[in-house]
Amino acid sequence: MTLLSPPRPALIEAFSAPKGFGDQTLRDRRPDAIELLGGIPDPSVLPTAELAEATARVLARPGAPALQYSRTEGIPALREWIALREGVDVHRVLVTNGGFHGLAIAVQTVLERGDLVAVDNPVFPLFLRGLELADARVLPVRVGAEGLDVDALAAQLRAGARPAAVYTVPEFHNPSQSSLPTARRRELVDLAERYGFVVFADDPYRELRFHGEPESLAPFHDSDHVIHVNTFTKTLGPGLRLGWVVLPERLIPDAVALRSRQDSHSSTLVQAVVAELLTSDETLFDRVLGRARTLYRSRAHTLAAALSASGSFEVTVPEGGLFLWPRLTDDTVDADRLAADASAEGVEYQRGSFFPSGPGTDADRHLRLAYGDTEESSLREAAARLGRAVARQG
């Protein structure tokens with residue numbers, strides 16, 4: 001690992017620039033606007049009372065250990081809980097300040113300046129900012145109905161592409177809502193081991209499955225070519241800024257050394273409170289997830305049904321996560337004008353063009369709609385307003 005120079009201005013050479021990416025231009029909005037913008041958990045399913053009680057117990061401990069320094073890897077109680085949940089040895093768990101911090105550690109541990117990184121196409125834009133840490137080059141690989149197109153990646157590799165890493169959101173992909181099947185995960189890991197790259201598996205939505213059977217983590221955890229990234233952001237609350245990475249054995253020393261040269265460790269207090277919350281009641285986390293899954297399933301179905309009824313969108317009901325990725329049925333509709341018309345109607349969302357995409361994707365014909373923190377009556381109204389916005393171009 002080398003020290004990196006400041007990033008060059010134009011990182012996303014292989015992608016079209018996302019409209020609005022990094023541009024927080026202020027504009028007037030209707031006072032009754034419905035915002036379907038971010039993957040925000042609903043406060044009603046977050047364990048606020050339980051967190052308050054856990055905090056009180058932690059702070060009442062003699063000597064206030066939670067207000068002192070702690071280990072770079074994270075406090076033992078939290079790491080042990082995570083390791084048990086993930087099904088890995090505890091020494092492979094490194095606690096982080098949320099999911100994006102875990103990705104930044106992965107980038108700085110694995111990549112050398114100027115390395116090639118294969119990424120989802122379309123891709124979660126924030127990860128591209130993380131790649132600026134390594135001044136990396138980008139190779140887009142199409143994401144389809146079954147997640148990252150492993151066959152397309154294999155073809156790129158046979159043609160001579162040599163990425164140092166492959167980034168993907170394997171479960172309930174942001175933005176496309178698709179998931180990578182277990183068999184495809186094995187194929188991806190086989191490619192990583194054959195060609196020598198590392199998979200960055202960014203998995204913040206995994207616990208929010210409300211249909212179907214979970215995909216296996218074994219292909220990721222059984223390989224020394226995968227860094228698995230997760231977070232409590234979508235389950236316990238983004239304000240905690242707490243996540244983790246599961247590292248392959250060979251990368252543990254470098255990742256821990258890197259972290260010790262940054263902020264040393266995550267908040268001891270936050271770690272202690274979350275550990276107390278999770279270990280004092282072994283069923284609490286699953287009860288929290290049960291409430292969240294029930295709520296998000298209902299909201300996803302409500303929004304999907306309302307959009308389908310409008311006749312303006314092709315909709316696939318997601319199996320989990322916080323996003324819907326409907327496609328415009330009429331290819332003559334101007335997607336950029338639609339966003340403006342929808343805003344005038346009082347609906348805000350992320351255009352498909354917000355997500356950097358290369359050849360082989362129709363992301364610009366999609367809308368990414370987040371339903372996690374929006375009540376069902378508002379979701380139905382949002383769908384009606386979107387239908388009116390489409391009709392303006394009729």
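Computed from the coordinates by the stated procedures, all read-outs in this text should not be read as laboratory data. Remember, it's a predicted structure, so these values are computed and weren't measured experimentally. Every residue, glycine as well, gets a Cβ built from its backbone with ideal geometry; the counts of neighbours run over all protein chains shown.
A dipole drawn for the range 280-394 from +1 and -1 charges on Cβ atoms has a positive end, and of Gly321, Leu295, Leu284 the residue lying farthest that way is Leu295. For Arg209, the shell of other residues with beta-carbons less than 11 Å away shows a net charge of -2, using +1 for Lys and Arg and -1 for Asp and Glu. One chain, two ends: Asp263 and Arg380. Fully extended at 0.36 nm per residue, the span grows by 37.6 nm beyond their Cα-Cα distance. For the range 279-371, the pair-distance distribution built from all alpha carbon pairs, in bins 5 Å wide starting at 0, is 3, 12, 19, 22, 16, 10, 7, 5, 4, 2, 1, 0 percent. Net charge near Arg293: determine it from the other residues with C-beta under 9 Å of the C-beta of Arg293, scoring Lys and Arg +1 and Asp and Glu -1. Summing Lys and Arg as +1 and Asp and Glu as -1 gives +2.
Sorted ascending by nearby beta carbons within 10 Å, beginning with the fewest, Trp81, Trp244 become Trp81, Trp244. How high is the FRET efficiency from Arg158 to Ser44, r the C-beta distance, R0 41 Å, rounded to 0.05? That gives a FRET efficiency of 0.25. Across the range 353-364, computed HN-Hα scalar couplings (Karplus, 6.51 cos²θ - 1.76 cosθ + 1.60, θ = phi - 60°) run 6, 5, 8, x, 9, x, x, x, 9, 10, 4, 5 Hz from first to last residue, x flagging Gly and Pro.
Each of Tyr296, Tyr195 has some number of other Cβ atoms within 10 Å of its Cβ, and from fewest to most they run Tyr195, Tyr296. Ranking of Phe355, Phe210, Phe232 by neighbouring Cβ atoms within 10 Å, starting from the fewest: Phe210, Phe232, Phe355.
Placing a pseudo-label 7 Å from each Cα along the Cα-to-Cβ vector at Glu80 and Thr316 gives an inter-label distance of 4.2 nm.
Taking each residue as 0.36 nm, the span from Glu112 to Asp190 lengthens on full extension beyond its C-alpha to C-alpha distance by 25.8 nm. Over all directions, the projected convex hull of the C-alpha atoms in the chain averages 19.5 nm² in area.
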